[in-house]
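A short reminder: the numbers here are calculations on the coordinates, not readings from a lab. In this text, all values refer to a predicted model and were calculated from it rather than measured experimentally. Every residue, glycine as well, gets a Cβ built from its backbone with ideal geometry; the counts of neighbours run over all protein chains shown.
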Amino acid sequence: MRIAVYCFSGTGNTRWACDGIAQELRLLGHTADVFAICADCPPPPPAGYGGIVVGYPVHAFNAPVPVLEFLKKLPRTEAGLPAWLVRTSGEPLKFNEASGVTPRRILRKKGYDVRGEFGYVMPYNIIFRHSDGMASRMKRAAERAIPQDARTISEGSGNLCKNGPIRRMVSFTLRIEHTAMPFIGRRFKVTDACIGCGQCARVCPQGNIRMENGKPHFGKNCAACMGCSFHCPKDAIRISLLNGWRVNGEYSFDGAPASDGEVCRYCRKSYLKYFHRMEKR
Ligand SMILES: Cc1cc2nc3c(=O)[nH]c(=O)nc-3n(C[C@H](O)[C@H](O)[C@H](O)COP(=O)(O)O)c2cc1C
């Protein structure tokens, strides 16, 4: 089977997961092409593909706007083309599962047969910082699940998340972020540490940053992916209202994974439940 993997990623976690899925699908004998969802280089439609995978990071219990816009532009399929969703999130909260509600609805309306959803908790690269041990345990859990999930895709099966009214309502309410982000994003600023290298403009999937006189200028299409701030080599981008949470910096995944006792206290129960479930797979 030929599979198109469409991926939106700001700080790289979702891209890593989608590349992993694609790699495993190739090992299973399929052809898998990964396409970035970005404004300046829209990915090709899935003509000639036998299935699609759509990867996205959870933003405020929702899929980011560029992902929804991309799905809306996909051509209709009469043949019920199989589709799967892959989400990465910073927390293992069940509310994140509701992020699949709108993508599923859009895909179903266009005739796609959404067969499964997979979720991986990945270390926050921005907004909240985990210990390296936590990051290592998260990465190992995902590395364990990805080959199994690729096999599920290969078999054409999968499970869909069941979202009750409370989850749907919370997710719907937090869609306010979709409206707020363009305003917040416009107020991103650079410090004197900026060297004008243009890396932020190159990585912005929205094409929202233009370089003028050697300095970045932020437009009104920010999708809050935080790629600009995360990839800035001088850590020079200040992210407006969200700056108090900014925690740029890579993790070291080489060390021992956090033991149960070392799991962070924040959302501790959910993390333990997630780790135990993934490690039993
Ligand atoms: C603006 C913003 C909102 C986020 N909201 C959530 C959330 O509601 N739930 C969650 O578990 N993680 C949330 N995260 C964390 C991301 O989903 C997580 O770090 C993801 O792996 C990032 O993927 P990426 O590196 O491909 O962009 C949020 C991150 C950002 C930047």
The summed charge of the residue 191 Cβ neighbourhood (under 15 Å; Lys/Arg +1, Asp/Glu -1) stands at +4
Across all Cα atoms of the chain, Rg and the largest Cα-Cα distance (Dmax), in Å, are 18.6, 55
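Between beta-carbons, use under 14 Å as the cut-off and find the net charge around residue 76, counting Lys and Arg +1, Asp and Glu -1. Don't skip to the answer; put the middle values down first.
Details: positive: 72, 73, 108, 109, 110; negative: 78, 113.
That sum, taken over residues with Cβ under 14 Å, equals +3.
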Using R₀ = 35 Å, calculate the FRET efficiency as 1/(1 + (r/R₀)^6) where r is the Cβ-Cβ separation of residue 173 and residue 151; round to 0.05.
0.45
Given the stretch 35-96 reduced to its alpha-carbon atoms as identical point scatterers, what log10 I(q)/I(0) does the Debye formula return at q = 0.14 Å⁻¹?
-0.46
If amide H atoms are built 1.01 Å from N in the plane of the peptide, which residues on other chains or at least 5 residues away come under 5 Å of the amide H of residue 258?
134, 136, 137
Of all DSSP beta bridges having both residues in the chain, the percent classed as antiparallel (nearest 5) is 20 percent
